[in-house]
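In what follows, a structure is listed as structure tokens, so that the remarks can point back to it.
The values are calculated or read from the model by the stated rules, or taken from the named source; none is laboratory data. Being a predicted model, the structure only gives us computed values, none of them experimental. Quick reminder, even Gly has a Cβ in these numbers, built from the backbone with ideal geometry, and neighbours come from all protein chains shown. In case anyone asks, the SASA skips ligands and DNA or RNA and just uses the protein heavy atoms, side chains included. Shrake-Rupley method; radii C 1.70, N 1.55, O 1.52, S 1.80 Å.
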Amino acid sequence: MDILSIRDLTKSFGSRTVIDHLHLSVPAHSVFGFIGKNGAGKTTTMRMIVGLLKPDHGEIQVNGERVSFGENQTNRYIGYLPDVPEYYGFMTASQYLTLCGEITGMQSSDVRRRILDLLDLVGLTDSKKHIHTYSRGMKQRLGLAGALLGRPPILILDEPTNGLDPSGIHEIRNLVRSLPELYDCTILISSHMLSEIELIADDIGILNHGCLLFEGSLVDLKQSALQA
């Protein structure tokens, strides 16, 4: 079963076509790597999936339900970490996650329990610092905790290792690899580095100038390269 289905998706900004009749399917309980250089259209696609951008044409379905621009009904299935997450810098990690839980209508007792578990998972349990003092790696780990707070069946992670040092990349990579088993979720993760995604993903899609050049397993991709 596909938890995410994209059909004939098109998006332009002025005269520039950013997404060009994109078709993409992400199977449930998989880690799907979305590969493309900067400007390929990865972030634009992800923003349309969560209803932040309106497609010019086409359809997106999440867990069998159609995504509608400006509405958030399908977002109850999604945990989203944008490419540059923003926070209230004066808060601690616990305060920020508590706010996220309140905004989404979670029960207070569930939020408190989940926060303890998630901060332990991402290695921020002992942090009493305000978020404005965090390194980029710490902010990315906090963003992962926020995306997981509601136990969503699909996580959308937009270049979560971008700008991190090798140690930070290693930490995020290990976290992402552990999530499908720990939380029974599907992950759509974007990157411009195939070498990074191949250590995480089951299947990949390669995007170039808004068009999908390849979709399939890494084994299939290597065979295609050998035959070219």
Point to revise | Normalised per residue, the volume of the convex hull around the Cα set of region 1-82 (Å³) | key: 95 Å³
Check your understanding: Taking GluC sites (Glu not before Pro) as exposed when DSSP calls them loop (any state but H, G, I, E, B) and at most 15 other Cβ atoms lie within 10 Å, what is the longest stretch of the chain free of them, the sites themselves excluded?
Key -> 87-197
Point to revise | Kirkwood Rh in Å, taken over the chain so that all alpha-carbon pairs contribute | key: 18.1 Å
Review point. Considering only DSSP states other than H, G, I, E and B, which chymotrypsin sites (Phe, Trp or Tyr not before Pro) in region 1-107 qualify as loop sites with at most 14 other Cβ atoms within 10 Å?
Key: Phe69, Tyr88, Phe90
Review point. Distance in nm between label sites at Glu102 and Arg136, each 7 Å beyond Cα in the beta-carbon direction?
Key: 3.1 nm
Exercise for review: Provide Rg and Dmax in Å for region 34-83, with only Cα atoms included in the calculation.
Suggested key: 11.0, 31
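So how do Thr92, Thr186, Thr104 rank on accessible area, 1.4 Å probe, biggest first, that is with the largest at the start? Spell out each step's value before the answer.
Values: Thr92 25, Thr186 0, Thr104 100 Å².
Greatest to least solvent exposure: Thr104, Thr92, Thr186.
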Practice item. Give me the accessible area per residue for region 1-136, probe 1.4 Å, as a whole number in Å². Key: 54 Å²
Practice item. Take the alpha carbon atoms of region 170-228, find their center, do the same for region 114-134, and report the distance between the two centers in whole angstrom. Key: 28 Å
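What value in Å³ per residue do you get for the convex hull of the alpha-carbon atoms in region 69-178? Let's see the in-between values first.
Values: hull volume 11.9 nm³, N = 110.
Considering the Cα atoms of region 69-178, their hull volume per residue is 108 Å³.
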Check your understanding: Counting only protein heavy atoms and using a 1.4 Å probe, what share of the accessible area of region 79-149 belongs to carbon plus sulfur, as a whole percent?
Key -> 53 percent
Study note, to complete from the structure: Relative contact order in percent for the chain (Cα pairs under 8 Å, 6+ apart) equals 29 percent
Check your understanding: Label point 7 Å out from Asp202 along Cα-to-Cβ: which residues of region 5-26 have amide N under 13 Å?
Key -> 26
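How many percent of all Cα-Cα pairs in region 147-228 sit more than 16 Å apart? Can you show the working numbers first?
Numbers: 1881 of 3321 pairs.
Within region 147-228, distances greater than 16 Å cover 57 percent of Cα pairs.
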**Study point:** Backbone N under 12 Å from the Asp117 label point (7 Å along Cα→Cβ), restricted to region 143-162
**Key:** 148-152
Point to revise | Cut-off 12 Å, label 7 Å out along Cα→Cβ of Asp184, residues of region 127-152 by amide N | key: 152
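Tell me the trypsin sites (Lys or Arg not before Pro) within region 82-129 that lie in a loop according to DSSP and have at most 13 other beta-carbon atoms within 10 Å. Could you put the intermediate results ahead of the total?
Working: sites: Arg112, Arg113, Arg114, Lys128, Lys129; in loops: Lys128, Lys129.
Answer in residue order: Lys128, Lys129.
Only helical DSSP H runs with n ≥ 4 go in: add -39500 (n - 2.57) per run for the chain, normalise by residue count and round the 222 nm mean residue ellipticity to 500 deg cm²/dmol. Can you show the working numbers first?
Details: 7 runs with 78 residues, N = 228.
Rounded to the nearest 500, it is -10500 deg cm²/dmol.
Relative contact order, percent, of region 19-142 when contacts are C-alpha pairs under 8 Å separated by at least 6 residues? Show your work: numbers first, answer last.
Values: 95 pairs, mean separation 21.9, N = 124.
After rounding, I find 18 percent.
Rounded to the nearest 20 debye, what is the charge dipole size of the chain about its Cα centre when +1 sits on each Lys and Arg Cβ and -1 on each Asp and Glu Cβ?
Numbers: 21 positive and 26 negative charges, 115 e Å.
In total the dipole reaches around 560 debye.
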Practice item. Rank Val111, Val62, Ser135 by how far each Cα sits towards the positive end of the charge dipole of the chain (+1 on Lys, Arg Cβ; -1 on Asp, Glu Cβ) and give me just the farthest. Key: Ser135
Check your understanding: In region 66-131, if every C-alpha pair distance is counted and binned at 5 Å from zero, what percent goes to each bin?
Key -> 3, 14, 20, 25, 21, 9, 5, 2, 0
Exercise for review: Taking a cut-off of 27 Å between Cα atoms, list the lysines near Lys11, but don't count ones fewer than 8 places away on the same chain.
Suggested key: Lys37, Lys42, Lys54
